[in-house]
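Here is the structure we will look at, set down as structure tokens.
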Amino acid sequence: MTFKVALVQMAVTAVKSENLEHAVTLINKAATNGAQLIILPECFNSPYDTTCFPKYAESIPGQTSDMLAQIAKDNNIYIIGGSIPEIDNGKIYNTCPVFSPLGELLTKHRKIHLVDIDVPGKIRFREADSLSPGCDFTTFDTPYCKVGIGVCYDLRFPELAHIYGEMGCKFLVYPGAFNMTTGPSHMEPLLRARAVDNEVYVALVSGSRDETASYVAWGHSTVVSPWGDVLATTEHLETIVYCDIDPDFVDKVRTRLPILSQKRTDMYSTVVKIK
């Protein structure tokens, strides 16, 4: 069953209420255009800045998740809510909440791998300065297929995508915010690698670029097919990227090139230590 997804590459400001109102407008537009699963970018309600996370952090349920639940119900759609700074028991997480067409919170993914990058003369960014890592695998079922969730830096770790593939996921989604140093060189190759390695659809949804921000996003929200082809992408400006996902094509690719069943599990394996 083919379904339409919308990647909402939205502009993010320093005013949370404005970000939420703008997200509602863009979600409504995407739903009107036929999207059945709508994806927001990483930190869509807050600047992507470690000094901002404590100020913008909220619980789930809370202001932002309540808004997403209502808009999902109003439009009868699935929403992957990008990510928000979530506070729980004194710790702050970079968390992606997921909502059903009934407005139910289906699951939430706390970013497992926190960014720690130091490229002299270009960028230094450490999420661990204010965030704690998550410790759970996150999937959810839809009438179309099972979906696996990661957040941005999680994309760099092939083991996570491999485990999601073994769990039966056919579509992997990463709300993300690659920067102007890593984005041009790394983002598309990583997306294509995760797609080809596991023969799944892979999407990354970024915010649009703000040259005045302390952290400047690369943009270029993208969907890649199980064959490794870029199906839909954009540049750096605010926009909505649409793409049709065909779960049956995953099965066709895996039949034509059955690498998953050809793995030498007598020699190596990926071990899940937390369930």
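The values are calculated or read from the model by the stated rules, or taken from the named source; none is laboratory data. All of these numbers come straight from a predicted model, not from anything done at the bench. Heads up, the Cβs are rebuilt from the backbone with ideal geometry, glycines too, and the neighbour counts pull from every protein chain shown. Only protein heavy atoms, including side chains, enter the accessible area calculation; ligands, DNA and RNA are left aside. Shrake-Rupley method; radii C 1.70, N 1.55, O 1.52, S 1.80 Å.
Could you grab me the full set of residues in the stretch 7-22 that are touching a residue at least 60 places away in the same chain (Cβ under 8 Å) and within 15 Å of Cys52 (Cα to Cα)? The answer is Val12, and nothing else. Among the residues of the stretch 129-147, at least one is of a type in the set (S, T, N, Q) and within 26 Å of Tyr215 (Cα to Cα). Contact map, the stretch 128-156: first residue of a type in the set (Asp, Glu), second residue in a helix (DSSP H, G or I) and crowded, with 18+ Cβ neighbours inside 10 Å, Cβ cut-off under 7 Å, separation 6 or more or different chains; pairs are Asp154/Leu160. Looking only at residues that are under 17 Å from the mean Cα position of the chain (by Cα) and among the β-branched types (Val, Ile, Thr) in the stretch 27-63, which one is farthest from Val147 (Cα to Cα)? Only one residue tops the list, namely Ile27.
Taking (1) open to solvent by 50 Å² or more (accessible area, probe 1.4 Å); (2) closer than 21 Å to Gly62 by Cβ; (3) outside any helix (DSSP H, G or I) in turn, Lys4 satisfies each apart from (2). Pairs meeting the criteria (first residue in the stretch 56-77 and within 16 Å of Asn33 (Cβ to Cβ), second residue assigned to a helix (DSSP H, G or I) and open to solvent by 60 Å² or more (accessible area, probe 1.4 Å), beta carbons under 9 Å, at least 6 apart or on different chains) are Asn75/Thr32.
Does Pro47 count as touching a residue at least 40 places away in the same chain (Cβ under 8 Å), closer than 18 Å to Gly176 by Cα, open to solvent by 10 Å² or more (accessible area, probe 1.4 Å) and assigned to a loop (DSSP other than H, G, I, E, B)?
Numbers: touching a residue at least 40 places away in the same chain (Cβ under 8 Å): yes; closer than 18 Å to Gly176 by Cα: yes; open to solvent by 10 Å² or more (accessible area, probe 1.4 Å): yes; assigned to a loop (DSSP other than H, G, I, E, B): yes.
Yes.
For Ser214, the conditions (1) out of contact with any Lys or Arg (no Cβ under 9 Å at 6 or more places or on another chain); (2) modelled with pLDDT of 95 or more are fulfilled apart from (2). What's the total number of residues in the stretch 173-184 that are touching a helix residue (DSSP H, G or I) at 6+ places or on another chain (Cβ under 6 Å) and more than 17 Å from Glu235 (Cβ to Cβ)? Of the residues in that region, 1 qualify.
So that you can scan it fast, the table gives a plain yes or no per residue for (1) more than 21 Å from Asp246 (Cα to Cα); (2) of a type in the set (Val, Ile, Thr):
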site	(1), (2)
Tyr164	no, no
Lys170	no, no
Tyr174	no, no
Ala177	yes, no
Thr181	yes, yes
Leu191	no, no
Glu199	no, no
Ser208	yes, no
Ala217	yes, no
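Go through the stretch 15-44 and count every residue that is part of a loop (DSSP other than H, G, I, E, B) and open to solvent by 30 Å² or more (accessible area, probe 1.4 Å). Spell out the reasoning first.
Step one: of the stretch 15-44, the residues part of a loop (DSSP other than H, G, I, E, B) are 15, 33-36, 40-44.
Filter again for open to solvent by 30 Å² or more (accessible area, probe 1.4 Å), leaving 15, 33-34, 36.
So the count comes out to 4.
When restricted to residues that are open to solvent by 10 Å² or more (accessible area, probe 1.4 Å) and either within 16 Å of the chain's Cα centre (by Cα) or among the basic types (Lys, Arg) (or both), the stretch 83-97 contains 2.
With respect to the conditions (1) over 23 Å from Ala23 (Cβ atoms); (2) in contact with a strand residue (DSSP E or B) (Cβ under 8 Å, 6 or more places away or on another chain); (3) β-branched (Val, Ile, Thr), Thr222 falls short on a single one, namely (1).
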